[in-house]
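What follows is a set of notes on a single structure, which appears directly below.
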Amino acid sequence: MSFTLHGLGVSGGIAIGRALLMSHATLEVSHLTVGPRMVDKEIARFDQAVAAVKKELAMMKESTEHAPAELSAFIDIHTMFLEDPELIEKPREIIRARRCNAEWALVQQMEQLVEQFEQFDDPYLRERKLDVRQVVERVIKELLGHPSRAVMKADKGLKEETLVVVAHDLSPADVISFKEQRFASFITDVGGATSHTAILARSMAIPSAVGLGNARSLIRDGEILIVDGLRGVVIVNPDERVLEEYQLRKNQIELERTKLKRLKSAKSQTIDGIDVALYANIELPIDTPEALESGAEGIGLFRTEFLFLDRGDMPDEQEQYEAYKKVIKGMGGRPVTIRTFDLGNDKDLHPDASAHDRVKTNPALGRRAIRLLLAEPQMFQTQLRAILRASKFGPVKLLIPMLAHAHEIDQTLAALEQAKSSLRGEKIAFDENIQVGGMIEIPAAALAIGMFMRRLDFLSIGTNDLIQYTLAIDRSDEQVASLYDPLHPAVLMLLAHTISSAEKANVPVSVCGEMAGDPLLTRLFLGMGLRIFSMHPSQILKVKNRVLKADVGELAPTVRRMLRQEEPGKLREALEKLNA
Ligand code: PEP
Ligand code: MG
């Protein structure tokens, strides 16, 4: 019988294959009482399993040295859980006190921890309960004598490329092992858009879906599945006609991907000869090869705060210098725009870190980004010195987040001068003429753009925050996510105003928020006058494809007319026409 399941698509594309059900080890756990003389042995068995999983994670980390940044970060988080007394000490106490078997002690402690994670207001932290479950699942598989990888092996005489893994949940480490095993897709019962597994799938471009409810209990081993990773739909046992239709769509998508790759070396220029610069956004130095691979002209946004998220302490000047140098050298002479730390909002320091308690009740409106840096001169000087020192290895630009006031720019420039002068005093080389730009992400900045342009060398519009602050929508609150609208007329007005003002004043302006990487908005931006885009490397060729087919001479008057429209429905209609 054919049926359809609906979940959340986490990575575009279509996969067709046979179901391979992955066992859910925590469900297999038996509840046993161990004799008093067996307690120590049971604890030793538990310790051995933890050590084996740790070793396996360490090996995985080594083998993913050149993989996307997310991969090793997730292994670190799982390893960290395996060092946490809550997960390591407590089960030992339970074994001793309640005389239960190691598996059962671990599951009891896991339930306790999961409950604690569910109390968090922050959706990201809430989702970390999945990481706890995944780590525990791994240890239990080890205890049961079938380590995770063995369970993942395709042993049904079928090629892995034709298999869709069906699981209650998967850990990022499981997803990493897909890299070697090349499954067609994976689908899971649980997981949200910000779950680590979902983020990983996106970075590895495996068409997949999560949050399907009870896929694992409804699907049987060997059944044929179609996974639509864009819409989050899974069709179980499709009939011939549906199968043919999806096979056709799958072939089309693959053809388009191959064609896009050919654009890598094409000059990014419109039909009427206008050059359009396409830059990459990165989070960590290991993202640099992907940026180059996508044909990026440089780095338009290096979100430096990711250098120490999840680690709880601040990297010192030398460590930061090494990280910046790695990116600058890696980009081989292409410009690198380094944004100073944007901390304090959803990107908070580890709870133990000193700056944590300075962020008040509404972090998005609180002491965030440049506000925090100006309040922490030591932290700011350390970063500025590190960036300046690295600037001798290639063209570097400095980008300041969350500016609203002219005096914030003045103070920033004074801090930069102080850092320069200390380096001069120490006879350390750096680029004296380093350019300084500001992020336009607060409506006040977009409206009073003159005072920014007079003080700065360039501007970069952060649409993610600009939308958040224009519409008063907390971008990390899933309950108001449906109101987060990039096409709201007010957002478009602010964008158009900023871009045209900068153009008139001859100040370079880019867009580096998510909107820049949406190919459906490329023509709109080109019509507004935008010539510099910065985005996730995976989007660059898709946007380039749009640029190559655009005629700005034709687009500009159409977009001008379109922007006079204030009715959201009509705006959307006009955008559809613009893209037709
Ligand atoms: C933005 O706000 O659009 C932006 C690029 O910065 P971040 O997403 O890091 O806040
Ligand atoms: Mg921002």
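Computed extension length for ALA505-ALA406: 33.9 nm, one decimal, from 0.36 nm per residue of separation with the Cα-Cα distance subtracted. Over the chain, accessible surface divided per residue gives 45 Å², non-protein components excluded, 1.4 Å probe. Electrostatic bookkeeping for GLU89 treats Lys and Arg as +1 and Asp and Glu as -1; over the other residues with beta carbon under 13 Å from its beta carbon, the sum is -2.
Counting charges near GLU293 (Lys, Arg +1; Asp, Glu -1) among other residues having Cβ under 11 Å from its Cβ returns a value of 0. Between the helical axis of 240-261 and the longest alpha-carbon principal axis of the chain there is an angle of about 50 degrees. State the percentage of accessible surface on the stretch 369-496 attributable to carbon and sulfur atoms; use a 1.4 Å probe and exclude ligands, DNA and RNA. On the stretch 369-496, the fraction of accessible area on carbon and sulfur atoms equals 54 percent. With 24 Å as the cut-off, how large is the P(r) tail for the stretch 475-580, expressed as percent of Cα-Cα pairs? Every Cα pair in the stretch 475-580 considered, those over 24 Å come to 22 percent. Applying 1/(1 + (r/R0)^6) with r as the Cβ-Cβ distance of GLU293 and LYS329 and R0 = 22 angstrom yields a FRET efficiency of 0.85.
Please sort 450-456, 523-529, 392-398, 29-35 by packing, taking for each peptide the average over its residues of neighbouring beta carbons within 10 angstrom, highest first. All intermediate terms of the calculation are to be shown ahead of the outcome.
Details: 450-456: 17.0, 523-529: 23.0, 392-398: 19.7, 29-35: 12.7.
Packing proxy ranking, top to bottom: 523-529, 392-398, 450-456, 29-35.
Shape annotation for the chain: C-alpha extents along the principal axes are 80, 65, 41 Å, from largest to smallest. Rounded to 0.05, the FRET efficiency of the MET1 and LEU548 pair, given R0 = 51 Å and the Cβ-Cβ distance, is 0.65. Note on ASP313 and THR162: their simple-model spin labels are 5.4 nm apart, each label 7 Å out from Cα toward Cβ.
Would you please give the FRET efficiency between ALA414 and ALA52, computed as 1/(1 + (r/R0)^6) with r the Cβ-Cβ distance and R0 = 45 Å, to the nearest 0.05? If you can, show how the numbers build up before the last one.
On the way: r = 55 Å, r/R0 = 1.22.
Computed FRET efficiency for ALA414 and ALA52: 0.25.
Can you compute the charge dipole magnitude of the chain about its Cα centre, using +1 on each Lys and Arg Cβ and -1 on each Asp and Glu Cβ, nothing else charged? Give it in debye, rounded to the nearest 20. Display every interim value, and only then the final one.
Numbers: 73 positive and 82 negative charges, 288 e Å.
Here the size comes out at about 1380 debye.
Considering all projection directions equally, how large on average is the shadow of the alpha-carbon convex hull of the stretch 400-462, in square nanometres? Mind dumping the intermediate values first?
Numbers: hull surface 16.6 nm².
For the Cα atoms of the stretch 400-462, the hull's average projected area reads 4.2 nm².
Rg and Dmax, both from the Cα atoms of the stretch 435-493 and both in Å, are 12.7, 40. Over 30 Å apart at the Cα level, from the set LYS326/LYS427; LYS264/LYS326; LYS392/LYS549; LYS329/LYS427; LYS326/LYS549; LYS55/LYS259, are LYS392/LYS549; LYS326/LYS549; LYS55/LYS259.
What does the helix-only formula give at 222 nm for the chain: each DSSP H stretch with n ≥ 4 adding -39500 (n - 2.57), the total divided by the residues, and the result rounded to the nearest 500 deg cm²/dmol? Don't skip to the end; give the middle numbers.
Numbers: 23 runs with 279 residues, N = 580.
Roughly -15000 deg cm²/dmol at 222 nm, from the helical runs in the chain.
Over all Cα atoms in the stretch 212-272, the spread is summed up by Rg and Dmax: 17.5, 56 Å. With the charge dipole of the stretch 1-141 set up from +1 on Lys and Arg Cβ and -1 on Asp and Glu Cβ about the Cα centre, the Cα lying farthest toward the positive end among the listed residues ILE140, LEU82, LEU5 is that of ILE140. Axis of helix 172-181 versus longest Cα principal axis of the chain: the two differ by about 90°, to the nearest ten degrees. Projected label points at PHE117 and LEU520, each 7 Å from Cα along the beta carbon direction, are separated by 3.2 nanometres. At a 1.4 Å probe, what is the % contribution of carbon and sulfur to the accessible area of the stretch 505-550? That fraction is 53 percent.
For a straight C-alpha distance cut-off of 12 angstrom, the aspartates and glutamates reachable from LYS141 (same-chain residues fewer than eight places away being disregarded) are GLU28, GLU103.
Please give me the summed charge of the neighbours of ILE226: other residues whose Cβ is under 13 Å from its Cβ, Lys and Arg +1, Asp and Glu -1. Local net charge: -1.
Inverting the mean 1/r over all pairs of different Cα atoms, compute the Kirkwood radius of the stretch 370-501 and quote it in Å. Walk me through the intermediate numbers first.
Values: mean 1/r = 0.0621 Å⁻¹.
Result for the stretch 370-501 stands at 16.1 Å.
Along the chain, the exposed loop sites are GluC sites (Glu not before Pro) outside DSSP states H, G, I, E and B with at most 12 other Cβ atoms within 10 Å, and the longest stretch free of them is 84-425.
The values are calculated or read from the model by the stated rules, or taken from the named source; none is laboratory data. Everything quoted here is computed from the prediction, not taken from an experiment. Don't worry about glycine lacking a Cβ; one is built from the backbone with ideal geometry, like all the others, and counts go over all protein chains shown. Ligands, DNA and RNA are stripped out before the accessible areas are found, and what is left, the full protein with its side chains, is counted by its heavy atoms. Shrake-Rupley method; radii C 1.70, N 1.55, O 1.52, S 1.80 Å.
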